[in-house]
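Written out below as structure tokens is the structure these notes cover.
The values are calculated or read from the model by the stated rules, or taken from the named source; none is laboratory data. Only a predicted model underlies this, so the values are computations on that prediction, with no experimental measurement involved. For neighbour counting, all protein chains shown are included, and Cβ atoms are generated from backbone atoms with ideal geometry for every residue, glycine included.
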Amino acid sequence: MNPLATSTLPRTDLYIGGAWVPATAGRTVPVINPATGEAFAAVADASVQDGLAALDAAVAAQGAWAATPARDRADILFRTYEGILGRRDEFARLIVDEMGKPWAEAQTEVDYGAGFFRWFAESAGRLHSEGQYGVEPGGQYRIAVSKRPVGPSLLITPWNFPLAMGARKIAPALAAGCTTVLKPAVQTPLTSLLLAQVLQEAGTPAGVVNVVVTGNSRGVVAAIMTDPRVRKVSFTGSTQVGQTLLSQAAENVMNTSMELGGNAPLIVFNDADLDKALEGAMLAKLRNGGQSCVAANRIYVQSGIADEFIARFTERMAASTTGEGHDPATTLGPLIDDKQRATVHELVTDAVAKGATCLAGGKPINGDGYFYPATVLTNIPADADIRTEEIFGPVAAIYTFDTEDEAIHEANNTPYGLASYVFTENLSRALRVADALDAGMTGINRGLVSNPAAPFGGTNQSGLHREGGTEGLEAYQETKYTGIQI
Ligand code: SIN
């Protein structure tokens with residue numbers, strides 16, 4: 001076992017207006033370790049009143065933060081980047097304990113999350129070059145265009161990447177000059193609270209970042225969303241919740257960024273480098289135990305290599321070691337909770353009942369934690385739910401195809417459009433297929449596309465706008481035009 005499994009917990013109060021405060025009603029909410037099913041911490045459980053107090057603090061801090069020179073904001077972000085890396089093991093331990101992913105993956109997430117602070121520190125340092133100044137085409141007067149922060153922003157993050165998802169929203173918001181209220185998922189609050197500590201130590205002024213954990217997510221979010229002082233909501237989570245937030249945002253014509261559900265196709269052509277394709281498929285399927293919006297949800301293999309791919313892929317899936325994340329032997333952690341495990345198992349049983357072949361796994365692992373084995377399904381019938389539902393678990397659904405057109409048609413046959421993956425050694429085919437895929441992101445011969453410097457996001461019901469890249473900063477900016485008569 002990793003010795004860090006016993007290190008201390010971060011602050012467990014709410015972080016509002018630069019102070020650590022208990023919830024008004026004194027209530028707490030337990031944090032469960034999904035590998036044991038047991039509570040190992042309790043954190044303050046915010047009420048609607050606490051949520052609105054956090055918004056008050058963000059609103060009060062907005063003017064001064066927007067007026068803080070971009071270079072000074074960048075310095076704070078850079079110190080946060082260093083502060084996260086200085087506590088790399090502490091963050092990784094919390095991520096393992098509250099989310100369940102294996103130790104090596106938790107460390108990778110810490111680096112990924114810290115990277116957003118570095119990227120947006122660099123972006124904030126370049127903010128002066130964003131404007132335009134010139135004479136309008138008729139020669140009558142001048143046009144000046146500049147950027148300004150959108151304003152106080154509500155950031156709602158999921159449990160699957162407890163650090164990286166908060167980092168991907170807080171860093172650009174702060175870089176642009178927006179103050180924030182972060183509402184992390186109630187399953188994984190400790191990582192966000194440690195992040196708030198690091199931001200505080202980095203010199204973030206009071207009220208610029210506020211963190212409210214709540215077991216009454218719907219009530220607290222609805223109260224904040226109906227307040228016209230909030231100017232932006234950024235959400236990562238299900239399409240269904242995103243739709244509710246979009247309708248709430250419409251009331252006050254609020255700026256929105258939505259990173260919603262996915263149903264990613266991964267296509268392997270006959271001319272793929274099979275080793276590369278296997279590596280990529282394993283990563284795209286099993287990263288985070290498949291609990292990711294960009295996980296390969298449908299694996300399409302061309303008939304010429306299908307037998308070999310399926311045999312070798314199944315062998316690798318079956319060799320996954322399921323276990324507690326601190327155990328160095330573990331390559332596949334538990335699912336987040338029993339409900340998630342039941343949902344995954346329902347998709348498997350439905351497919352098998354309708355005629356699918358299960359080549360590996362397929363049954364929940366008995367014991368205390370929420371473990372589910374790496375599972376491979378083939379011969380999946382047209383009416384199986386797994387063809388259209390987001391799996392969010394370690395279950396590979398494999399389909400075969402004959403022609404390129406067929407693969408593209410099948411891949412695009414979904415209302416979602418987040419990630420997609422193509423494996424082929426033929427460059428023309430790779431680019432042609434990537435262009436034809438209706439998805440916000442395509443990995444060519446890669447099973448991972450996430451990068452702080454790249455725009456992450458989807459088309460259709462997978463969301464609106466992008467996070468990361470230059471687009472990630474723009475999402476927190478308004479454009480201001482001034483007409484100048486000299
Ligand atoms: C997600 O699953 O929502 C995010 C995954 C990533 O950033 O790679």
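Data for the structure
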| quantity | calculated |
| --- | --- |
| Residue within segment 155-162 that is surrounded by 24 or more Cβ atoms within 10 Å (Cβ to Cβ) and away from the ligand (no atom under 16 Å from the Cβ) present | no |
| Residue list for segment 286-328, restricted to those being away from the ligand (no atom under 16 Å from the Cβ), over 12 Å from VAL268 (Cβ atoms) and in contact (Cβ under 8 Å) with a residue 12 or more places away in the chain | THR314, ARG316, MET317, ALA318, SER320, THR322, GLY323, GLU324, GLY325, HIS326, ASP327, PRO328 |
| Test: residue in segment 246-269 that is surrounded by fewer than 16 Cβ atoms within 10 Å (Cβ to Cβ), within 16 Å of the ligand (Cβ to nearest atom), part of a helix (DSSP H, G or I) and outside the structural domain of GLU406 (by TED's automatic domain parsing) | no |
| Candidate set: segment 86-129, residues that are free of Cβ contacts under 8 Å to residues at least 40 places away in the same chain and in a helix (DSSP H, G or I); chosen: the one farthest from the ligand (Cβ to nearest atom) | SER129 |
| Boolean, ALA272 is in the same structural domain as ALA407 (by TED's automatic domain parsing) and away from the ligand (no atom under 14 Å from the Cβ) | yes |
| Some residue of segment 360-379 being aliphatic (A, V, I, L, M), in contact (Cβ under 8 Å) with a residue 24 or more places away in the chain, under 17 Å from ALA295 (Cβ atoms) and out of contact with any strand residue (DSSP E or B) (no Cβ under 7 Å at 6 or more places or on another chain) | no |
| Of all residues in segment 455-485 being among the small types (Gly, Ala, Ser) and either away from the ligand (no atom under 16 Å from the Cβ) or in a strand (DSSP E or B) (or both), the one that is surrounded by the fewest Cβ atoms within 10 Å (Cβ to Cβ) | GLY483 |
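Yes/no matrix, rows are residues, columns are (1) assigned by TED's automatic domain parsing to the domain that holds LEU195; (2) in contact with a strand residue (DSSP E or B) (Cβ under 6 Å, 6 or more places away or on another chain); (3) modelled with pLDDT under 95; (4) crowded, with 24+ Cβ neighbours inside 10 Å:
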position: PHE78; (1), (2), (3), (4): yes, no, no, no
position: ILE84; (1), (2), (3), (4): yes, no, no, yes
position: ASP89; (1), (2), (3), (4): yes, no, no, no
position: ALA92; (1), (2), (3), (4): yes, no, no, yes
position: GLN107; (1), (2), (3), (4): yes, no, no, no
position: ALA114; (1), (2), (3), (4): yes, no, no, yes
position: PHE117; (1), (2), (3), (4): yes, no, no, yes
position: PHE120; (1), (2), (3), (4): yes, no, no, yes
position: ALA124; (1), (2), (3), (4): yes, no, yes, yes
